[in-house]
Amino acid sequence: MLFPNTQWMHYSIEWSPKLTKFISQLSASHFVLPDLPDIYSEKDRDEYRNTIPLEKRIQTLAVCGHTETTLKHMQLQEAGKLLIVGGNDKRKEEGVACSLSTTDAVKILRDVTDGKELWGVVNPNNDQSLDSLLEKMDAGITGFITQPLLCTHAFDILDSYPKGEVTYIAGVAMPKTVQNLYFWLKLLQGRNMDRDLFLSDPLFDSHVKYFESPDCDSFGWIQKELEKLEADTSIDGVHFMPMGNVEDLLALFHKKKTTAI
């Protein structure tokens, strides 16, 4: 596999405090700061701003934590791009509905962010995701980070998305164990996605069997996923989601560095 792919302009990483001491070893184009106030403290967010150069920052904004009023008056951190996501709204568990949709939030932010580039997320594993993507584009989204493509039809769905002025960055999961893979299944479930259908999907089932094997190699699995993405001409880059798997992330970028020499 040729890594880095010379056609890809973007190599982004989901940031966490665990990565801070390794930043110099990670030649990524961007680092995405998740909007997880229950996990990352203000000290963590300061660490992100002090470690990551402005031009490499993508700040996530979870709509579930906001109203129209808070969006219009919030103090946005300095970042080159905003990634607008729905978020995991714990308030729903407490019976409090989220008052804004992602597209509503994009329309508001488009008017108050002074031309800042707005990106969104899309889930190609969901065969009904095209309508949502088109709504977000109409609202003003110019780039998308996809969820990891873990089921059989995900690549066909990705290829059905409109091309042109929009940027597509393919999400890359980095599981170490089958338990990590099932955690991704939980994250990917949403509207119009049936858990049993996902579990019975041939591609996802092959991933499960691979990680259940005593001989499984998580780094080798990630490389194979990148090879599949490399063959897809509809994407402009990849976004790594290590979720604590710093070991494979560092190994991957070491390979990227040595391949480029």
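The values are calculated or read from the model by the stated rules, or taken from the named source; none is laboratory data. Just so we're clear, the structure is a prediction, and the values are computed from it rather than from any experiment. Don't worry about glycine lacking a Cβ; one is built from the backbone with ideal geometry, like all the others, and counts go over all protein chains shown. All accessible areas refer to the heavy atoms of the entire protein, side chains included, with ligands and DNA or RNA removed. Shrake-Rupley method; radii C 1.70, N 1.55, O 1.52, S 1.80 Å.
Run the helix sum for the chain: -39,500 (n - 2.57) per DSSP H stretch of 4+ residues, divided by residue count, reported at 222 nm to the nearest 500 deg cm²/dmol.
After summing the helix terms and dividing by residue count, I get -11500 deg cm²/dmol.
Using the Cα centre as the reference, give the magnitude of the dipole from point charges on the C-beta atoms of the chain (Lys, Arg: +1; Asp, Glu: -1; all else neutral), rounded to the nearest 20 debye. Write out the running numbers ahead of the final one.
Values: 27 positive and 38 negative charges, 141 e Å.
Value, rounded to 20: 680 debye.
Sort 103-111, 179-187 for me by packing, meaning the mean count of neighbouring Cβ atoms within 10 Å per residue, highest on top. Walk me through the intermediate numbers first.
Numbers: 103-111: 18.6, 179-187: 14.9.
Output ranking for 103-111, 179-187: 103-111, 179-187.
Just one of [x] 1.05; [y] 1.23; [z] 0.94 is Rg/Rh (Cα atoms, Kirkwood Rh) as worked out from the coordinates here. Which one is it?
It is the one labelled [z].
Please list 3J(HN,Hα) in residue order for segment 54-63, calculated via the Karplus relation 6.51 cos²θ - 1.76 cosθ + 1.60 where θ = phi - 60°; whole Hz, with x for glycine and proline.
Result, rounded to whole Hz: 3, 5, 9, 8, 10, 9, 8, 10, 8, 4.
Straight-line reach only, C-alpha to C-alpha below 20 angstrom: list the aspartates and glutamates that Lys43 could link to, leaving out same-chain residues fewer than 8 apart.
Glu14, Asp35, Glu78
Just how much of Met74 is accessible, in Å², when a 1.4 Å probe is used and the result is rounded to the nearest 10?
Surface accessible to solvent at Met74 totals approximately 50 Å².
Of the peptides 206-217, 20-31, how do they stack up when ordered by the mean number of other Cβ atoms within 10 Å, highest first? Write out the running numbers ahead of the final one.
Working: 206-217: 12.9, 20-31: 15.4.
Packing order, densest peptide first, comes out as 20-31, 206-217.
Report, by chain and number, residues whose modeled amide H sits under 5 Å from the one on Ala170, excluding near sequence neighbours (fewer than 5 apart, same chain).
Thr146, Asp236, Gly237, Val238, His239
Over 26 Å between Cα atoms, which of Lys18/Lys81; Lys21/Lys81; Lys18/Lys163 qualify? Numbers along the way, then the final one.
Details: Lys18/Lys81 22 Å; Lys21/Lys81 24 Å; Lys18/Lys163 36 Å.
Pairs exceeding the cut-off: Lys18/Lys163.
Ignoring everything but the protein chains, give the 1.4 Å probe accessible area of Tyr40 in square angstrom, nearest 10.
Near enough 30 Å² of accessible area.
Roughly speaking, to the nearest percent, how much of the chain's 1.4 Å accessible area is carbon and sulfur? Could the numbers behind the result be given before it?
Working: 6590 of 13180 Å².
Heavy-atom surface of the chain belonging to carbon and sulfur, 1.4 Å probe: 50 percent.
What dipole magnitude, in Debye to the nearest 20, does segment 1-71 give about its Cα centre under +1 on Lys/Arg Cβ and -1 on Asp/Glu Cβ?
320 debye
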